[in-house]
Amino acid sequence: MGEKSVTRASLSHAVYKEVGLSRKESASLVEQFLEKVISRLEEGETVKLSLFGSFVVRKKRARVGRNPKTGEEVTITPRRVLVFKPSNMLRKRVNSVISRGIAASDRDRDESGSPFEG
Amino acid sequence: MVKSELVREICKENPHLYERDIENIVSAIINEITVALCQLERVELRGFGVFSVKERTARTGRNPRTGDAVEVEKKYIPFFRVGKELSQRLNKN
């Protein structure tokens, strides 16, 4: 698997290149994007991003579980979990060697940009 | 919520930007994550979660209707694991 890891800085850099905004503002827009998605999920709403996938909040009822180490029975409290359903498009792209090639060349061009900070 | 609603909400907070620009920004973010996943890279977003790609090894499957053996090729599955902070936020109340 990939040894490199993409972070907020990479996303900010992508935004920075896209529109003529300052680096600071680009970073702020990435935060706003994530925060908007999160606040809808907190409401229990599904967030669908076309061609990418959807985030669905599922409600789990209380159930009796077992501590795997001690074998002790414990009640697992009701909780909400987040599930990501990748779109068919994303599933296909991840499996396509061609898209991997294109992605690689995209990335090579990106390397010329300075690393994003703050 | 769908992408267009997300764009509109971000627009409200940034009256100095064109809706068109916000659309491009949202697409750029999504595209950056997609491109990373296509290269089998992880995308770590603190406070949100981690996107990664899992490998499913090739196996011999069966057609459930006919029972015929079929070769299933190795494939990759996009995967998301929710971050601790977001998980806590979802369970606040």
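The values are calculated or read from the model by the stated rules, or taken from the named source; none is laboratory data. Remember, predicted model here, so these are calculated numbers, not experimental data. All Cβ positions, glycine included, derive from the backbone under ideal geometry; neighbour counts span all protein chains shown. Just so you know, the surface numbers come from the protein's heavy atoms only, side chains and all, with ligands and any DNA or RNA stripped out. Shrake-Rupley method; radii C 1.70, N 1.55, O 1.52, S 1.80 Å.
Tabulated results
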{"item": "Identity of the residue in region A:46-70, of a type in the set (K, R) and loosely packed, with under 14 Cβ neighbours inside 10 Å, that ends up farthest from B:V7 (Cα to Cα)", "result": "A:K69"}
{"item": "Qualifying residue in region B:2-17 (condition: open to solvent by less than 20 Å² (accessible area, probe 1.4 Å), within 7 Å of another protein chain (Cβ to nearest Cβ), at negative phi and not in a loop (DSSP other than H, G, I, E, B))", "result": "yes"}
{"item": "All positions within region A:8-36 that are more than 8 Å from chain B (Cβ to nearest Cβ) and within 18 Å of B:R8 (Cβ to Cβ)", "result": "A:S28, A:E31, A:E35"}
{"item": "Selection from region B:39-72 of residues that are open to solvent by 100 Å² or more (accessible area, probe 1.4 Å) and more than 9 Å from chain A (Cβ to nearest Cβ)", "result": "B:R56, B:R59, B:R62, B:P64, B:R65, B:E71"}
{"item": "Test: residue in region B:27-37 that is modelled with pLDDT under 95 and either over 17 Å from the mean Cα position of the chain (by Cα) or open to solvent by 80 Å² or more (accessible area, probe 1.4 Å) (or both)", "result": "no"}
